[in-house]
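Enquirer: Dropping a structure here in C-alpha coordinates format, bear with me for questions.
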Amino acid sequence: MISTIVVLLIVAGCAAFQFFKGTIARAFATIVIAVFACIVAFGFFEALAGLLIKRGESGSMLSLVPWAQAIVFLLLFVLVFAVLQTAMTQLTPKKIDMGYLPEQIGRPILGAILGLIVSGVLLTFLVLAPLPDTYPYPRFESRSIKVDNPAKAFPNVDGLVTGLFGVISNGSFSGQRSFATMHPDFLDQIFLNRLEGDVSLATSNTPAIDVPRDAAVWPATETVKTRLEELNSQGQLARSPGKLKSGSDLMIARVGIKRAALNAEQKVSAGNFTLSQLRLICKRRGYDGNQLTGKGQNVYPIGYLTSANQIETSYKITISGNDFGNSQTKYLDFIFAVPNGFVPALVEFKLNSVVQIPTKAILNDAAEALSAAGSDGSRQETTPGGDT
(Lines give C-alpha, C1' and ligand atoms only; values in the text may rest on other atoms or scores of the structure.)
Protein backbone atom coordinates (compact mmCIF):
# COMPACT_ATOMS: atom_id res chain seq x y z
CA MET A 1 0.00 0.00 0.00
CA ILE A 2 1.35 3.40 -1.02
CA SER A 3 0.40 5.09 2.26
CA THR A 4 2.38 2.50 4.25
CA ILE A 5 5.47 3.00 2.07
CA VAL A 6 5.24 6.80 2.42
CA VAL A 7 4.87 6.59 6.20
CA LEU A 8 7.79 4.19 6.58
CA LEU A 9 10.01 6.37 4.38
CA ILE A 10 9.20 9.48 6.44
CA VAL A 11 9.79 7.65 9.72
CA ALA A 12 13.08 6.19 8.46
CA GLY A 13 14.18 9.57 7.10
CA CYS A 14 13.47 11.38 10.38
CA ALA A 15 15.19 8.65 12.39
CA ALA A 16 18.28 8.77 10.13
CA PHE A 17 18.46 12.56 10.20
CA GLN A 18 18.32 12.72 13.98
CA PHE A 19 20.88 9.90 14.28
CA PHE A 20 23.46 11.61 12.08
CA LYS A 21 22.70 15.31 12.61
CA GLY A 22 20.66 15.74 15.77
CA THR A 23 20.89 15.35 19.52
CA ILE A 24 18.50 13.90 22.06
CA ALA A 25 17.71 17.39 23.41
CA ARG A 26 16.95 18.86 19.98
CA ALA A 27 15.05 15.78 18.85
CA PHE A 28 12.83 15.96 21.92
CA ALA A 29 12.30 19.71 21.44
CA THR A 30 11.36 19.09 17.79
CA ILE A 31 8.75 16.54 18.85
CA VAL A 32 7.23 19.09 21.25
CA ILE A 33 7.20 21.67 18.44
CA ALA A 34 5.55 19.20 16.05
CA VAL A 35 2.85 18.38 18.60
CA PHE A 36 2.18 22.08 19.20
CA ALA A 37 2.04 22.78 15.44
CA CYS A 38 -0.39 19.87 15.11
CA ILE A 39 -2.60 21.35 17.84
CA VAL A 40 -2.65 24.74 16.13
CA ALA A 41 -3.45 23.17 12.74
CA PHE A 42 -6.36 21.14 14.09
CA GLY A 43 -7.58 23.92 16.34
CA PHE A 44 -7.81 26.67 13.74
CA PHE A 45 -7.97 25.19 10.25
CA GLU A 46 -11.78 25.22 10.09
CA ALA A 47 -12.13 28.85 11.15
CA LEU A 48 -9.47 30.10 8.74
CA ALA A 49 -10.70 27.88 5.92
CA GLY A 50 -14.15 29.40 6.49
CA LEU A 51 -12.73 32.79 5.52
CA LEU A 52 -11.38 31.31 2.30
CA ILE A 53 -14.70 29.62 1.60
CA LYS A 54 -16.57 32.92 2.07
CA ARG A 55 -14.30 34.46 -0.57
CA GLY A 56 -15.28 31.54 -2.77
CA GLU A 57 -18.94 32.51 -2.58
CA SER A 58 -18.25 35.50 -4.80
CA GLY A 59 -16.81 33.26 -7.49
CA SER A 60 -13.28 34.73 -7.38
CA MET A 61 -11.89 31.71 -5.53
CA LEU A 62 -14.65 29.17 -6.12
CA SER A 63 -12.30 26.47 -7.34
CA LEU A 64 -10.40 26.57 -4.01
CA VAL A 65 -13.44 25.86 -1.84
CA PRO A 66 -13.10 22.03 -1.91
CA TRP A 67 -9.37 22.40 -1.12
CA ALA A 68 -9.72 25.12 1.51
CA GLN A 69 -9.60 23.00 4.65
CA ALA A 70 -6.76 20.79 3.41
CA ILE A 71 -4.61 23.72 2.29
CA VAL A 72 -5.14 25.75 5.46
CA PHE A 73 -4.50 22.71 7.68
CA LEU A 74 -1.14 21.97 6.03
CA LEU A 75 -0.06 25.62 5.89
CA LEU A 76 -0.79 26.13 9.59
CA PHE A 77 1.27 23.09 10.54
CA VAL A 78 4.20 24.00 8.28
CA LEU A 79 4.31 27.67 9.30
CA VAL A 80 4.07 27.06 13.05
CA PHE A 81 6.59 24.21 12.86
CA ALA A 82 9.04 26.27 10.80
CA VAL A 83 8.85 29.36 13.01
CA LEU A 84 9.26 27.44 16.28
CA GLN A 85 11.98 25.20 14.90
CA THR A 86 13.93 28.25 13.75
CA ALA A 87 13.50 29.89 17.14
CA MET A 88 14.65 26.75 18.93
CA THR A 89 17.77 26.52 16.75
CA GLN A 90 18.66 30.15 17.43
CA LEU A 91 18.11 29.82 21.17
CA THR A 92 20.22 26.66 21.52
CA PRO A 93 23.32 27.27 19.36
CA LYS A 94 25.38 24.73 21.33
CA LYS A 95 24.65 21.02 21.24
CA ILE A 96 23.76 19.28 24.50
CA ASP A 97 25.49 15.88 24.63
CA MET A 98 23.88 13.23 26.85
CA GLY A 99 26.73 10.76 26.38
CA TYR A 100 27.68 8.36 23.60
CA LEU A 101 25.34 5.43 24.30
CA PRO A 102 22.20 7.46 25.20
CA GLU A 103 22.73 9.61 22.10
CA GLN A 104 23.20 6.63 19.76
CA ILE A 105 20.03 4.95 21.04
CA GLY A 106 17.86 7.95 21.80
CA ARG A 107 18.33 9.95 18.58
CA PRO A 108 16.80 7.42 16.14
CA ILE A 109 13.98 6.54 18.55
CA LEU A 110 12.97 10.16 18.96
CA GLY A 111 13.44 10.71 15.24
CA ALA A 112 11.06 7.84 14.51
CA ILE A 113 8.46 9.34 16.85
CA LEU A 114 8.79 12.66 15.02
CA GLY A 115 8.35 10.81 11.73
CA LEU A 116 5.11 9.26 12.96
CA ILE A 117 3.71 12.70 13.81
CA VAL A 118 4.80 14.29 10.53
CA SER A 119 3.49 11.41 8.42
CA GLY A 120 0.22 11.51 10.37
CA VAL A 121 -0.19 15.19 9.50
CA LEU A 122 0.59 14.46 5.85
CA LEU A 123 -1.98 11.66 5.65
CA THR A 124 -4.57 13.87 7.36
CA PHE A 125 -3.91 16.56 4.73
CA LEU A 126 -4.48 13.99 1.97
CA VAL A 127 -7.67 12.78 3.65
CA LEU A 128 -9.00 16.36 3.76
CA ALA A 129 -8.12 16.95 0.11
CA PRO A 130 -10.78 16.32 -2.58
CA LEU A 131 -9.10 13.16 -3.86
CA PRO A 132 -10.71 9.88 -5.02
CA ASP A 133 -11.97 7.80 -2.09
CA THR A 134 -9.14 5.24 -2.47
CA TYR A 135 -6.48 7.84 -1.61
CA PRO A 136 -4.41 7.92 0.49
CA TYR A 137 -5.93 4.49 1.25
CA PRO A 138 -9.41 2.93 0.94
CA ARG A 139 -11.12 3.23 4.33
CA PHE A 140 -14.64 2.12 3.29
CA GLU A 141 -16.13 -0.07 0.58
CA SER A 142 -18.44 2.21 -1.37
CA ARG A 143 -20.94 -0.47 -2.37
CA SER A 144 -21.40 -1.86 1.14
CA ILE A 145 -20.68 0.79 3.75
CA LYS A 146 -19.72 -0.51 7.18
CA VAL A 147 -19.22 2.55 9.34
CA ASP A 148 -18.32 0.48 12.41
CA ASN A 149 -15.54 -1.40 10.62
CA PRO A 150 -13.25 1.08 8.81
CA ALA A 151 -9.97 0.01 7.26
CA LYS A 152 -6.96 1.85 8.63
CA ALA A 153 -3.56 2.85 7.36
CA PHE A 154 -0.60 0.84 8.63
CA PRO A 155 0.74 2.19 10.83
CA ASN A 156 -2.30 4.19 11.94
CA VAL A 157 -0.50 7.53 12.05
CA ASP A 158 -3.44 9.69 10.92
CA GLY A 159 -5.49 8.09 13.68
CA LEU A 160 -2.63 8.90 16.08
CA VAL A 161 -2.61 12.65 15.41
CA THR A 162 -6.39 13.08 15.18
CA GLY A 163 -6.90 11.00 18.31
CA LEU A 164 -4.23 12.99 20.15
CA PHE A 165 -5.94 16.27 19.38
CA GLY A 166 -9.32 14.78 20.25
CA VAL A 167 -8.01 13.91 23.71
CA ILE A 168 -6.44 17.34 24.14
CA SER A 169 -9.60 19.14 23.05
CA ASN A 170 -11.97 16.99 25.13
CA GLY A 171 -13.30 19.46 27.67
CA SER A 172 -12.66 22.10 25.02
CA PHE A 173 -9.29 23.26 23.80
CA SER A 174 -10.78 26.64 22.99
CA GLY A 175 -13.07 26.82 26.00
CA GLN A 176 -16.16 26.74 23.79
CA ARG A 177 -15.79 23.88 21.28
CA SER A 178 -14.40 20.40 21.64
CA PHE A 179 -12.97 18.67 18.58
CA ALA A 180 -14.10 15.37 20.11
CA THR A 181 -17.70 16.62 19.92
CA MET A 182 -17.55 18.47 16.61
CA HIS A 183 -15.65 15.66 14.89
CA PRO A 184 -15.88 12.31 16.65
CA ASP A 185 -14.15 9.68 14.49
CA PHE A 186 -12.87 12.53 12.35
CA LEU A 187 -11.23 10.35 9.70
CA ASP A 188 -14.45 8.38 9.20
CA GLN A 189 -16.36 11.64 8.71
CA ILE A 190 -13.97 12.87 6.04
CA PHE A 191 -13.69 9.59 4.13
CA LEU A 192 -17.45 9.12 4.13
CA ASN A 193 -17.88 12.71 2.98
CA ARG A 194 -15.97 11.98 -0.25
CA LEU A 195 -17.10 8.41 -0.86
CA GLU A 196 -19.04 9.45 -3.99
CA GLY A 197 -16.80 11.16 -6.52
CA ASP A 198 -19.36 13.33 -8.32
CA VAL A 199 -20.92 15.17 -5.37
CA SER A 200 -19.65 18.33 -3.72
CA LEU A 201 -17.53 17.96 -0.58
CA ALA A 202 -18.22 21.44 0.80
CA THR A 203 -20.68 24.26 0.21
CA SER A 204 -19.79 27.83 -0.66
CA ASN A 205 -22.77 29.11 1.36
CA THR A 206 -22.67 28.24 5.07
CA PRO A 207 -24.48 27.03 7.00
CA ALA A 208 -26.25 25.21 4.17
CA ILE A 209 -28.70 23.46 6.49
CA ASP A 210 -31.24 24.25 9.18
CA VAL A 211 -33.44 22.41 11.66
CA PRO A 212 -36.91 23.47 12.86
CA ARG A 213 -37.04 25.27 16.18
CA ASP A 214 -40.18 23.40 17.27
CA ALA A 215 -39.94 19.80 16.00
CA ALA A 216 -36.51 18.61 14.89
CA VAL A 217 -36.26 15.06 16.29
CA TRP A 218 -38.87 12.48 17.32
CA PRO A 219 -39.25 8.68 17.58
CA ALA A 220 -40.09 6.68 14.45
CA THR A 221 -43.52 5.07 14.25
CA GLU A 222 -44.00 1.32 14.46
CA THR A 223 -44.92 1.29 10.77
CA VAL A 224 -41.58 2.84 9.87
CA LYS A 225 -39.74 0.35 12.08
CA THR A 226 -41.51 -2.60 10.45
CA ARG A 227 -40.80 -1.31 6.95
CA LEU A 228 -37.11 -0.82 7.75
CA GLU A 229 -36.84 -4.39 8.98
CA GLU A 230 -38.38 -5.56 5.70
CA LEU A 231 -35.91 -3.50 3.66
CA ASN A 232 -33.03 -4.80 5.76
CA SER A 233 -34.06 -8.43 5.21
CA GLN A 234 -34.18 -7.73 1.45
CA GLY A 235 -30.62 -6.38 1.51
CA GLN A 236 -31.66 -2.88 0.48
CA LEU A 237 -29.80 -1.15 3.31
CA ALA A 238 -26.33 -2.37 2.31
CA ARG A 239 -25.19 1.02 1.06
CA SER A 240 -26.87 3.02 3.81
CA PRO A 241 -24.21 4.29 6.22
CA GLY A 242 -26.70 3.94 9.09
CA LYS A 243 -27.71 0.42 10.13
CA LEU A 244 -30.43 -1.18 12.21
CA LYS A 245 -28.85 -2.12 15.54
CA SER A 246 -29.97 -3.69 18.77
CA GLY A 247 -29.59 -1.27 21.65
CA SER A 248 -30.67 1.74 19.61
CA ASP A 249 -33.78 3.85 19.13
CA LEU A 250 -35.05 4.66 15.64
CA MET A 251 -35.58 8.40 15.42
CA ILE A 252 -36.55 10.89 12.73
CA ALA A 253 -34.52 14.08 12.33
CA ARG A 254 -35.93 16.87 10.17
CA VAL A 255 -33.13 18.67 8.32
CA GLY A 256 -33.62 21.51 5.86
CA ILE A 257 -31.45 22.31 2.84
CA LYS A 258 -31.38 26.06 2.20
CA ARG A 259 -32.25 27.38 -1.23
CA ALA A 260 -29.41 29.91 -0.89
CA ALA A 261 -26.93 27.03 -0.66
CA LEU A 262 -27.83 25.73 -4.13
CA ASN A 263 -25.11 26.73 -6.51
CA ALA A 264 -24.73 26.51 -10.27
CA GLU A 265 -21.20 25.24 -9.65
CA GLN A 266 -22.03 21.66 -8.64
CA LYS A 267 -18.77 21.01 -6.80
CA VAL A 268 -19.77 23.50 -4.09
CA SER A 269 -23.56 23.07 -4.14
CA ALA A 270 -25.74 21.72 -1.34
CA GLY A 271 -28.17 20.40 -3.94
CA ASN A 272 -26.32 17.13 -4.48
CA PHE A 273 -25.26 15.02 -1.53
CA THR A 274 -25.15 11.49 -0.14
CA LEU A 275 -26.44 9.90 3.03
CA SER A 276 -22.81 9.65 4.19
CA GLN A 277 -22.45 13.43 4.11
CA LEU A 278 -25.11 13.98 6.76
CA ARG A 279 -24.64 12.96 10.38
CA LEU A 280 -26.12 13.47 13.81
CA ILE A 281 -23.68 14.17 16.60
CA CYS A 282 -25.17 12.63 19.72
CA LYS A 283 -24.24 13.22 23.36
CA ARG A 284 -24.89 11.03 26.36
CA ARG A 285 -28.26 11.70 27.93
CA GLY A 286 -27.91 14.04 30.88
CA TYR A 287 -24.85 15.88 29.50
CA ASP A 288 -24.10 19.27 31.04
CA GLY A 289 -26.12 21.18 28.45
CA ASN A 290 -23.18 22.61 26.48
CA GLN A 291 -23.61 20.92 23.11
CA LEU A 292 -20.15 21.86 21.83
CA THR A 293 -17.93 20.51 24.60
CA GLY A 294 -17.09 17.03 25.83
CA LYS A 295 -17.29 14.06 23.47
CA GLY A 296 -19.86 13.12 20.85
CA GLN A 297 -20.78 10.11 18.72
CA ASN A 298 -21.53 10.03 14.99
CA VAL A 299 -24.84 8.56 13.82
CA TYR A 300 -25.49 8.30 10.08
CA PRO A 301 -28.89 8.10 8.33
CA ILE A 302 -30.44 4.85 7.16
CA GLY A 303 -32.70 6.63 4.68
CA TYR A 304 -35.39 9.30 4.61
CA LEU A 305 -39.17 9.52 4.50
CA THR A 306 -41.01 10.46 1.32
CA SER A 307 -44.31 10.48 3.24
CA ALA A 308 -45.38 9.59 6.77
CA ASN A 309 -44.66 5.87 6.29
CA GLN A 310 -42.82 5.60 2.93
CA ILE A 311 -39.04 5.15 3.07
CA GLU A 312 -36.42 6.00 0.45
CA THR A 313 -32.94 4.50 0.82
CA SER A 314 -31.26 5.96 -2.29
CA TYR A 315 -27.68 6.76 -1.39
CA LYS A 316 -27.44 9.89 -3.53
CA ILE A 317 -29.94 12.74 -3.19
CA THR A 318 -30.47 15.60 -5.63
CA ILE A 319 -32.47 18.74 -4.89
CA SER A 320 -33.25 21.44 -7.44
CA GLY A 321 -34.86 24.84 -7.15
CA ASN A 322 -38.21 23.36 -8.21
CA ASP A 323 -38.32 21.29 -5.01
CA PHE A 324 -38.59 24.38 -2.82
CA GLY A 325 -41.87 25.82 -4.09
CA ASN A 326 -42.28 29.18 -2.36
CA SER A 327 -40.11 28.20 0.60
CA GLN A 328 -36.48 29.10 1.23
CA THR A 329 -35.78 25.75 2.91
CA LYS A 330 -36.48 22.20 1.73
CA TYR A 331 -37.04 19.88 4.71
CA LEU A 332 -36.33 16.14 4.64
CA ASP A 333 -37.05 13.65 7.40
CA PHE A 334 -34.02 11.37 7.85
CA ILE A 335 -34.10 8.11 9.82
CA PHE A 336 -31.35 7.42 12.37
CA ALA A 337 -30.63 4.57 14.78
CA VAL A 338 -29.56 6.53 17.86
CA PRO A 339 -27.76 4.44 20.52
CA ASN A 340 -29.63 3.95 23.78
CA GLY A 341 -28.63 6.55 26.35
CA PHE A 342 -27.72 9.16 23.73
CA VAL A 343 -29.59 12.23 22.49
CA PRO A 344 -28.99 14.23 19.28
CA ALA A 345 -27.14 17.51 19.82
CA LEU A 346 -25.86 18.64 16.40
CA VAL A 347 -26.45 18.04 12.71
CA GLU A 348 -23.42 18.20 10.42
CA PHE A 349 -23.49 18.38 6.63
CA LYS A 350 -20.55 17.93 4.28
CA LEU A 351 -17.26 19.53 5.39
CA ASN A 352 -18.36 22.88 6.66
CA SER A 353 -22.00 23.10 7.81
CA VAL A 354 -23.17 22.43 11.34
CA VAL A 355 -26.26 23.47 13.33
CA GLN A 356 -27.30 22.82 16.91
CA ILE A 357 -30.53 21.01 17.70
CA PRO A 358 -32.60 22.91 20.29
CA THR A 359 -33.31 20.74 23.31
CA LYS A 360 -36.99 21.72 23.19
CA ALA A 361 -37.19 20.48 19.58
CA ILE A 362 -36.43 16.87 20.62
CA LEU A 363 -39.93 15.43 21.05
CA ASN A 364 -41.19 12.32 22.78
CA ASP A 365 -43.56 11.00 20.12
CA ALA A 366 -44.48 11.35 16.46
CA ALA A 367 -47.87 12.90 17.21
CA GLU A 368 -46.16 15.94 18.69
CA ALA A 369 -44.10 16.30 15.51
CA LEU A 370 -47.17 16.17 13.28
CA SER A 371 -48.87 18.80 15.40
CA ALA A 372 -45.82 21.05 15.30
CA ALA A 373 -45.53 20.67 11.51
CA GLY A 374 -49.05 21.89 10.94
CA SER A 375 -52.27 20.04 10.23
CA ASP A 376 -51.44 19.54 6.55
CA GLY A 377 -47.92 18.22 7.23
CA SER A 378 -46.65 20.36 4.36
CA ARG A 379 -43.03 20.19 5.44
CA GLN A 380 -42.88 16.53 4.55
CA GLU A 381 -44.09 16.86 0.95
CA THR A 382 -42.27 17.53 -2.34
CA THR A 383 -39.46 15.00 -2.12
CA PRO A 384 -36.33 15.22 -4.26
CA GLY A 385 -35.24 12.67 -6.82
CA GLY A 386 -32.91 9.91 -5.65
CA ASP A 387 -30.16 8.08 -7.54
CA THR A 388 -28.77 4.72 -6.57
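Enquirer: Report, by residue number, each residue of region 95-109 that is part of a loop (DSSP other than H, G, I, E, B), in contact (Cβ under 8 Å) with a residue 40 or more places away in the chain and not hydrophobic (A, V, I, L, M, F, W, C). Can you show your working first?
Expert: Kept after step one, since they are part of a loop (DSSP other than H, G, I, E, B), are these residues of region 95-109: 95-99.
Restricting the remaining residues to those that are in contact (Cβ under 8 Å) with a residue 40 or more places away in the chain gives 95-98.
Across region 95-109, the qualifying residues are Lys95, Asp97.
Enquirer: Looking at (1) over 30 Å from Gly166 (Cα atoms); (2) surrounded by 17 or more Cβ atoms within 10 Å (Cβ to Cβ), find the lone condition where Gly99 falls short.
Expert: (2)
Enquirer: If you don't mind, another one. Check off (1) surrounded by fewer than 21 Cβ atoms within 10 Å (Cβ to Cβ); (2) in contact (Cβ under 8 Å) with a residue 12 or more places away in the chain; (3) not in a helix (DSSP H, G or I) for Ser204 and give me the number that stays unchecked.
Expert: It is condition (1) that Ser204 fails.
Enquirer: Let me ask something additional. Under 8 Å between Cβ atoms, at least 6 apart or on separate chains: pull out the pairs that start in region 293-304 with a residue that is assigned by TED's automatic domain parsing to the domain that holds Leu278 and within 17 Å of Gly341 (Cα to Cα) and end on any residue that is among the small types (Gly, Ala, Ser) and part of a strand (DSSP E or B).
Expert: That search, which allows pairs on different chains as well, returns Gly296/Ala345; Val299/Ala337.
Enquirer: Okay, next question. Quickly run through region 12-33 and pick out the residues that are β-branched (Val, Ile, Thr) and more than 27 Å from the chain's Cα centre (by Cα).
Expert: Narrowing region 12-33 to residues β-branched (Val, Ile, Thr): 23-24, 30-33.
Within region 12-33, Thr23, Ile24, Thr30 meet the criteria.
Enquirer: Evaluate region 134-145: report whether one residue or more is more than 19 Å from Phe77 (Cβ to Cβ), of a type in the set (A, V, I, L, M, F, W, C) and touching a residue at least 24 places away in the same chain (Cβ under 8 Å).
Expert: Scanning region 134-145, I find at least one residue that is more than 19 Å from Phe77 (Cβ to Cβ), of a type in the set (A, V, I, L, M, F, W, C) and touching a residue at least 24 places away in the same chain (Cβ under 8 Å), so the answer is yes.
The values are calculated or read from the model by the stated rules, or taken from the named source; none is laboratory data. The structure displayed is predicted, hence computed values, not measured ones. Positions of Cβ are generated from backbone atoms using ideal geometry, with glycine treated the same way; all protein chains shown enter the neighbour counts.
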